[in-house]
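To start, the structure itself, in structure tokens.
Every read-out reported here was derived from the displayed coordinates using simple, explicitly stated rules and does not represent laboratory data. Fair warning: this is a prediction, and the values are worked out from it, not measured in the lab. Positions of Cβ are backbone-derived with ideal geometry, glycine not excepted, and every protein chain shown enters the neighbour counts.
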């Protein structure tokens, strides 16, 4: 793998590690999305809509276990 690809994978890993850290502290999906938006630059290859959809999916997956 090239250095750029490794760098992008590392950024994505950092983004989702942070998402896993904060998801339980957020009371609503908008709060979670707003909190994670400051890390948006860690997913430079994704569109804003893709990032929002991924965050929504992560939220639903996390909280579906508690319904």
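Going through the range 46-58 one residue at a time, which ones are within 22 Å of residue 4 (Cβ to Cβ) and surrounded by 10 or more Cβ atoms within 10 Å (Cβ to Cβ)? Lay out the reasoning, then the answer.
Step one: filter the range 46-58 for residues within 22 Å of residue 4 (Cβ to Cβ), giving 46-48, 50-51, 54.
Those that are within 22 Å of residue 4 (Cβ to Cβ) and surrounded by 10 or more Cβ atoms within 10 Å (Cβ to Cβ): 46, 48, 50, 51, 54.
Please go through the range 8-40 and pick out each residue that is surrounded by 11 or more Cβ atoms within 10 Å (Cβ to Cβ) and over 13 Å from residue 55 (Cα atoms).
Result: 8, 9, 10, 11, 13, 14.
What do you reckon, is residue 43 within 22 Å of residue 4 (Cα to Cα), surrounded by 13 or more Cβ atoms within 10 Å (Cβ to Cβ) and in contact with a helix residue (DSSP H, G or I) (Cβ under 6 Å, 6 or more places away or on another chain)?
Details: within 22 Å of residue 4 (Cα to Cα): yes; surrounded by 13 or more Cβ atoms within 10 Å (Cβ to Cβ): yes; in contact with a helix residue (DSSP H, G or I) (Cβ under 6 Å, 6 or more places away or on another chain): yes.
Answer is yes for this residue.
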